[in-house]
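In what follows, a single structure is set out as structure tokens and then discussed.
The values are calculated or read from the model by the stated rules, or taken from the named source; none is laboratory data. Source: prediction; values computed, not measured. Heads up, the Cβs are rebuilt from the backbone with ideal geometry, glycines too, and the neighbour counts pull from every protein chain shown.
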Amino acid sequence: MSMKIVRHLPEPQEIQAQFPLTPEMTAAKSQRDAEIKKVFTGEDDRMVLVIGPCSADREDAVLEYIRRLYRLQQQVADKILIIPRIYTNKPRTTGDGYKGMLHQPDPLRESDMLAGLVAIRRLHTTALAETGLTCADEMLYPENYAFLSDLLGYHAVGARSVENQQHRLVASGVDVPVGMKNPTSGDLNVMLNSVTAARHRHTFLYRNAEVHTTGNPLCHAILRGSVDAYGRTCPNYHYEDLARLHELAADRGMEDLGVIVDANHANSGKQYLQQIRIAKEVLHSCRHSDNIRKMVKGLMIESYLEDGAQKPEEGKFGCSITDPCLGWEKTEQLILSLADQW
């Protein structure tokens with residue numbers, strides 16, 4: 001056989017039972033959910049900032065980063081609502097390379113997905129327990145949503161997953177905001193179709209059960225740029241791009257569409273330092289158009305403790321082993337600057 005079953009993994013309830021939520025953590029999650037929801041419904045005028053490492057590679061470094069974010073959140077709480085990124089699944093364009101903590105809780109060892117499930121549950125639980133911040137993760141495997149459903153404050157569906165039926169259907173049953181990225185081709189209609197699908201109710205097969213969903217009104221768009229037929233990156237964060245998206249959404253009757261602008265990936269050409277300029281340009285666009293200001297709910301930025309990226313074997317604490325990230329000093333300066341300009 002070309003596919004071999006290694007072992008059957010525990011049910012989500014079994015993993016959840018190893019790292020349960022205390023009443024205090026449940027209350028913090030509920031409060032955070034309410035705050036984040038109000039940004040996407042327009043009741044709260046603050047900016048959402050989904051920020052953190054490209055991929056969560058080691059627990060100690062990620063937790064140190066989130067502790068720093070927590071302290072910074074206190075300074076900018078009136079302008080910015082920070083959602084730390086703990087991305088434990090990493091899609092790979094060619095299938096090669098580090099696939100995230102779920103696959104490899106130790107980047108230098110072979111895949112162990114049972115240990116990975118335990119590691120990602122422990123990391124998200126510890127972050128909530130220590131800081132009261134609910135975090136974001138990418139929905140790479142929709143069936144794994146159940147392992148973290150009581151912890152996460154935000155989900156992102158990636159550019160390579162956004163056309164997938166299962167991602168759209170599961171997103172329709174999630175109780176927190178789900179961002180649909182534009183596909184790598186840049187087709188905004190594909191992204192809007194995904195948002196529409198996730199906002200509708202559905203019946204489908206999930207984890208060997210027939211399930212019904214009521215639709216997710218907090219589903220929104222994420223602009224991350226695209227790549228053309230020649231491999232050249234095509235950003236879509238400029239004023240004209242945002243204005244055009246607003247027109248497309250209005251034509252569909254989606255006047256309430258929310259948008260997060262991803263300042264990295266194809267928008268920056270993976271030139272991570274450009275995220276600083278891009279973030280400020282988006283805010284400049286918001287100041288020149290009421291429609292754009294209402295539509296843009298915030299930014300997504302890749303940031304860690306150290307600038308740049310490294311190979312896994314280099315072992316530098318807090319430096320990305322996937323895409324390059326802004327280091328902490330630049331991150332702190334950027335967040336304080338964004339708070340002043342929002």
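Somewhere in the range 20-29, is a residue under 26 Å from Val259 (Cβ atoms), in contact (Cβ under 8 Å) with a residue 40 or more places away in the chain and of a type in the set (S, T, N, Q)?
no
In the list Thr26, Thr88, which residue meets the criterion of being hydroxyl-bearing (Ser, Thr, Tyr), part of a helix (DSSP H, G or I) and either surrounded by fewer than 17 Cβ atoms within 10 Å (Cβ to Cβ) or at negative phi (or both)?
Every option except Thr26 fails the conditions.
When only residues in the range 301-315 that are in contact with a strand residue (DSSP E or B) (Cβ under 9 Å, 6 or more places away or on another chain) and not hydrophobic (A, V, I, L, M, F, W, C) count, which is surrounded by the most Cβ atoms within 10 Å (Cβ to Cβ)?
Applying the filter and picking the extreme gives Tyr304.
Looking only at the range 119-141, how many residues end up being within 17 Å of Gln16 (Cα to Cα) and in a helix (DSSP H, G or I)?
Qualifying residue count, the range 119-141: 11.
Just a yes or no: is a residue in the range 304-319 under 30 Å from Thr196 (Cβ atoms), in contact with a Cys (Cβ under 8 Å, 6 or more places away or on another chain) and of a type outside the set (Gly, Ala, Ser)?
no
Determine if the range 47-59 includes at least one residue that is closer than 15 Å to Gly318 by Cα and exposed (fewer than 12 other Cβ atoms within 10 Å of the Cβ).
No, the conditions are met nowhere in the range 47-59.
Please name all residue pairs, on different chains or six or more residues apart, with Cβ atoms under 6 Å, provided the first residue is in the range 232-261 and is under 26 Å from Glu43 (Cβ atoms) and the second residue is in a loop (DSSP other than H, G, I, E, B) and of a type outside the set (A, V, I, L, M, F, W, C).
Filtered contacts from the range 232-261: Val261/Tyr237.
Is there a residue in the range 149-165 that is part of a helix (DSSP H, G or I) and either at pLDDT below 95 or surrounded by 23 or more Cβ atoms within 10 Å (Cβ to Cβ) (or both)?
Looking for residues that are part of a helix (DSSP H, G or I) and either at pLDDT below 95 or surrounded by 23 or more Cβ atoms within 10 Å (Cβ to Cβ) (or both), one finds none in the range 149-165, hence no.
Name the residue that is nearest to His103 (Cα to Cα), counting only residues in the range 30-57 that are among the charged types (D, E, K, R) and without any contact (Cβ under 8 Å) to a residue 60 or more places away in the chain.
Here the answer is Glu35.
Quick check on my filter: what residues within the range 229-247 are assigned to a helix (DSSP H, G or I), surrounded by fewer than 21 Cβ atoms within 10 Å (Cβ to Cβ) and in contact with a helix residue (DSSP H, G or I) (Cβ under 6 Å, 6 or more places away or on another chain)?
Selection gives Tyr239, His246.
Among residues belonging to the range 141-173 that are in contact with a Leu (Cβ under 8 Å, 6 or more places away or on another chain) and among the hydrophobic types (A, V, I, L, M, F, W, C), point out the one that is farthest from Met25 (Cα to Cα).
Out of the qualifying residues, it is Phe147.
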